[in-house]
1. Give, to the nearest whole percent, the P(r) tail of segment 48-135 beyond 22 angstrom, counting all Cα pairs.
2. Quote the relative contact order of the chain in percent (integer), defining contacts as alpha-carbon pairs under 8 Å separated by 6+ residues.
3. So how strong a dipole does the chain carry about its Cα centre when Lys and Arg Cβ are +1 and Asp and Glu Cβ are -1, to the nearest 20 debye?
4. Computed over the Cα atoms, what is the radius of gyration of segment 157-280 divided by 2.2 N^0.38 Å, N being its residue count?
5. Calculated from DSSP H runs of 4 or more alone, at -39500 (n - 2.57) each and per residue, what is the 222 nm mean residue ellipticity of the chain, nearest 500?
6. Just name one of Tyr322, Ala362, Ala411: the one whose Cα is farthest towards the positive end of the charge dipole of segment 307-441 (beta-carbon charges, Lys/Arg +1, Asp/Glu -1).
7. Let me have the relative contact order for segment 40-176, percent, based on Cα pairs under 8 Å that are six or more residues apart.
8. What is the distance, in nm, between label points placed 7 Å from the Cα along the Cα-to-Cβ direction at His74 and at Arg34?
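The values are calculated or read from the model by the stated rules, or taken from the named source; none is laboratory data. What you see is a predicted model, and the numbers here were worked out from it, not measured in a lab. A quick note on method: Cβ atoms are made from the backbone with ideal geometry, for glycine too, and the neighbour counts reach across all protein chains shown. These accessible areas exclude ligands, DNA and RNA; they are computed on the full protein's heavy atoms, side chains included. Shrake-Rupley method; radii C 1.70, N 1.55, O 1.52, S 1.80 Å.
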Amino acid sequence: MVFSQQKRASAPALDDDILSALRAGLHGALILPRDPDFDAARQVFNAMIDRRPLAIARCADTTDVVTAVNFARHHGLPVSVRSGGHGVAGHCVCHDGLMIDLSSMKGIVVDPDRRVTFAQPGLRLGEFILATERYGLVSPTGTVSDTGLAGLTLGAGYGWLNGKYGLAIDNLVGAEVVTADGRVLHASADEHPDLFWALRGGSGNFGIVTSFELRLHPVSQVLGGMLIYPFPRAGEVLRFYREIAAAAPDELTLYAALLTAPDGNQVVGIVPCWCGSLEEGERVLAPIRAFGPPLADLIQPMPYSTMNTLTDEVIPSGFRHYWKQNLLRELSDDAIDTIIDHVTRVVSPRTVVLIDHVHGAARRVAPTATAFPHRDAPHGLVMLSMWDDPANDEANIHWTRELAAATRPFATGGAYVNEAWDEKPGAAFGVNYERLVTIKNRYDPANLFRHNTNIAPTANA
Ligand SMILES: Cc1cc2nc3c(=O)[nH]c(=O)nc-3n(C[C@H](O)[C@H](O)[C@H](O)COP(=O)(O)OP(=O)(O)OC[C@H]3O[C@@H](n4cnc5c(N)ncnc54)[C@H](O)[C@@H]3O)c2cc1C
């Protein structure tokens, strides 16, 4: 199955002289279909995505981004924006357009005195965390080290520290943005505050962010790891998980996962991360570790950067992926039983069903304070279907959609834009949608940035 949400328009003609002029204007590289590295450059995390841009502008700096945006606008080319390439729907690569590739822009400056960092969009989470952790400081991001900082931050950014320090967007204090008309703006609470509001959850709709200014917090060692239980006990484990997650102090964020172990047996896991003092963490986690007992208790003190690599091998790059997500109103008994029943019939042993945990500081922000509206859901149910044989596409997609449909009665109806595949913009942006349309009209009335969960402007309608 070729899975592409993008219709192929007829490709605009770009002759060699035009492309040579673009190449000459870039400090970075212009990669064309005839170049040997073209196929590697258009490849993204999800092997289901197979799109061929007309050209890939691998930008070296903000000036290159301006050049690429102006070129695409001038020639009427579709634009896609790539940072870490982990958006599972593959919006970052377009057919027959210009892919603006920021993956080489990995600069980072840490100001330990002001506790802020200025980070470029090509950084992966692992690179970003290691650079700030040297100062005993980190900013909340996600849970897998290979994920791109840029896409994750612009969508919201759920991760191990959200209970104590909020989502990634709650720590964004400023951004350098190249807008659709080629201007370079600085957005913050004081400058272009409407744009700044929209960037915090509006995903890639408003411009290309070339620098993220993020707040840092003093975290180095955390107490984390995984507790693993046999699958037949999944019902009681998930009910226990629900209780401990509901009572968790801000320092403790806990995910649960249903997956297949390398020996072929299904298991259920609880993954805690405690970011307060280690002594207190040992005390808080003791009754959790005593439950069971688990098949394995892998909890130990570790650097925060290590915590962010623990699940790397569970969700690797290069497989075929189809993901759905439901934001749960609560993890009711019926929801738990429905999830477990469906997981017993999982198609691929690589598939993971994850229950994330959004609480504390992340929930104390009003739904309209940033563009990300889903502050009310305590858990997201993330259905991460993974397999390698294209012959199994249909069976895996069908299984995922069935689980999504079966658990919809327990959900808010909203969708987290960073884990959305084919969800509607109204579900992703909810109560903030109309305000986002107004801001889109102001900054991108011609919808240059439309390869995303798109907020369609009405200015030119
Ligand atoms: C293995 C894995 C683990 C994940 N774990 C988490 C997690 O723990 N928490 C969480 O919240 N999410 C998580 N996600 C989801 C993740 O946040 C999104 O996939 C996100 O889009 C990844 O960003 P990226 O830069 O790698 O992606 P890309 O595919 O490069 O970008 C995704 C989209 O973001 C926009 N975009 C990217 N860069 C820019 C930019 N500089 N300026 C403007 N727009 C831009 C574009 O619209 C682009 O299509 C995970 C995803 C994967 C694949």
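1. Details: 1395 of 3828 pairs.
For segment 48-135, the share of Cα pairs beyond 22 Å comes to 36 percent.
2. Details: 1059 pairs, mean separation 72.4, N = 461.
Once normalised by length, the contact order is 16 percent.
3. Numbers: 39 positive and 51 negative charges, 139 e Å.
That gives the chain a dipole magnitude of about 660 debye.
4. Working: Rg = 19.7 Å, N = 124, 2.2 N^0.38 = 13.7 Å.
Relative to the 2.2 N^0.38 Å estimate, segment 157-280 comes out at 1.43.
5. -8000 deg cm²/dmol
6. Ala362
7. Details: 256 pairs, mean separation 26.6, N = 137.
Taking the mean separation of contacting Cα pairs over the length of segment 40-176, I get 19 percent.
8. So the label points at His74 and Arg34 sit 2.2 nm apart.
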